[in-house]
1. Tally time: how many residues in region 302-315 are surrounded by 18 or more Cβ atoms within 10 Å (Cβ to Cβ) and closer than 15 Å to Thr264 by Cα?
2. Could you say which residue among Glu84, Glu49, Glu60 is within 30 Å of Pro207 (Cβ to Cβ) and either within 25 Å of the chain's Cα centre (by Cα) or free of Cβ contacts under 8 Å to residues at least 24 places away in the same chain (or both)?
3. Among the residues of region 335-364, write down those that are closer than 24 Å to Arg296 by Cβ and either at pLDDT below 95 or touching a Phe, Trp or Tyr at 6+ places or on another chain (Cβ under 6 Å) (or both).
4. Which strands (runs of 3 or more DSSP E) does region 1-66 wholly contain that include 3 or more residues that are in contact with a strand residue (DSSP E or B) (Cβ under 9 Å, 6 or more places away or on another chain) and farther than 18 Å from Leu156 by Cα?
5. Taking helices (runs of 4 or more DSSP H) that do not extend beyond region 260-369, which have at least 1 residues that are over 18 Å from Thr243 (Cβ atoms) and without any contact (Cβ under 8 Å) to a residue 24 or more places away in the chain?
6. Would you call Ser50 among the hydroxyl-bearing types (Ser, Thr, Tyr) and within 23 Å of Ile9 (Cα to Cα)?
7. Which of the residues belonging to region 247-259 are assigned to a helix (DSSP H, G or I) and under 14 Å from Ser177 (Cα atoms)?
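The values are calculated or read from the model by the stated rules, or taken from the named source; none is laboratory data. Since this is a predicted model, take the numbers as computed values, not measurements. Neighbour counts run over all protein chains shown; Cβ positions are idealised from the backbone, glycine included.
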Amino acid sequence: MQTPSSHIIVRTPVIDSIGELYATRGLGKKTVLLFDENTRKLFGDAIIESMQRQGFRTVELVVPARETSKSVSTAWKLYGQMIEADVDRSWNLVCAGGGVVGDLGGYIAASYYRGIPVVQLPTTLLAMTDSSIGGKVAINHPLGKNLIGYFHMPELVLIDPALLRTLPSREIYGGLSEVVKYGFIADREFFDLLAAHWSEIVRLEEPWLSKAVSRSAFIKADVVEKDFRETTGLRATLNFGHTFAHGLEKMAEYRNLRHGEAVTIGMVCALFLSHRLGFLAEAELREGLALLARFRFPRGLVRKRFLSLDRDELVESMLSDKKKIDRQLRFVLLDRIGHAFLHDHDIANETVLQAIDDAKGWFEEKKQG
């Protein structure tokens, strides 16, 4: 039986050993490669040439590099291209890109011929540490994000931290939101490492970058292995800050606000909510906020996408989250740094609103400071 992390490979350059890695999983060498336009331009030739040198037969698919690619219409178009290329159940699919490519490609792999193997080759920090791991794959609906999908575990997750050097700083900070989340919910020592070596990680310096990526990926894999279909509440802890974040993303119409940016704001709200409900001590609240204060946002983004929002409208937007039950919001809270839990009991809307106000006040104060 595979261990939670046995299918996760962190290596540079990882693509040059894909043939031997496929052999360890019993995968064939007929592979559909899914890129977005950006990853095709940056990495496509090198990936294809390396795979062909290793004896692979490939079919290439490319989609626009935007969230709207996660749609029924895009999936339908890709199904047609795969059928025309005689792709059958003996093939597998590699998702080479960020979260959009990983989600879309995973969805297609889960549904094509009732399921073919999928391999994730993430190229963003957010994908390397979160979305490529755990087998949740989905497309969007106009009424909500990631509402239509499957549980379809990747056969391999191939992570090459060197690929991150092509990313702008906004993408690095966005990915670090999920990295920091793992420290908050599961590993106090990891939280301390991030606080001590934040500057080196932001600059993508080794060995700190690979340590942060590996630890994040393995924490998520362990949680997923223990609660694959979210039956015990453990996997739900991976959504720390996300209930607020999903509301923010919906109000932004999934444009001009990156997922990681929304999660960072959401974690600030969740810290204040944890404190207001008496679970998180003042000292740990301040410690958590101190790390989140080191994030950098594009100029004006927090004001436009959070501070200027009506708090009641934000809560209403949060109610569209797929993780709610019977229009009751469920929050992941902390009782200490390094330990999260799913709060299943009702929380008064006024308390949630107060936590949002707390977060707004903190962001205002932080800006003035």
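1. 3
2. Glu49
3. Within region 335-364, the subset closer than 24 Å to Arg296 by Cβ is 337, 355-364.
Hits for region 335-364 are Ile337, Ala355, Asp358, Ala359.
4. Per the criteria, 57-63.
5. On the way: elements: 282-292, 311-318, 349-368.
The helices (runs of 4 or more DSSP H) meeting that bar are 282-292, 349-368.
6. yes
7. Selection gives His259 alone.
Yes/no matrix, rows are residues, columns are (1) out of contact with any Leu (no Cβ under 9 Å at 6 or more places or on another chain); (2) polar (S, T, N, Q); (3) under 21 Å from Asn146 (Cα atoms); (4) buried (at least 16 other Cβ atoms within 10 Å of the Cβ):
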position: Thr12; (1), (2), (3), (4): no, yes, no, no
position: Ala23; (1), (2), (3), (4): yes, no, no, no
position: Lys29; (1), (2), (3), (4): yes, no, no, yes
position: Phe35; (1), (2), (3), (4): no, no, yes, yes
position: Asn38; (1), (2), (3), (4): yes, yes, no, yes
position: Gly44; (1), (2), (3), (4): no, no, no, yes
position: Arg53; (1), (2), (3), (4): yes, no, no, no
position: Ser73; (1), (2), (3), (4): yes, yes, yes, no
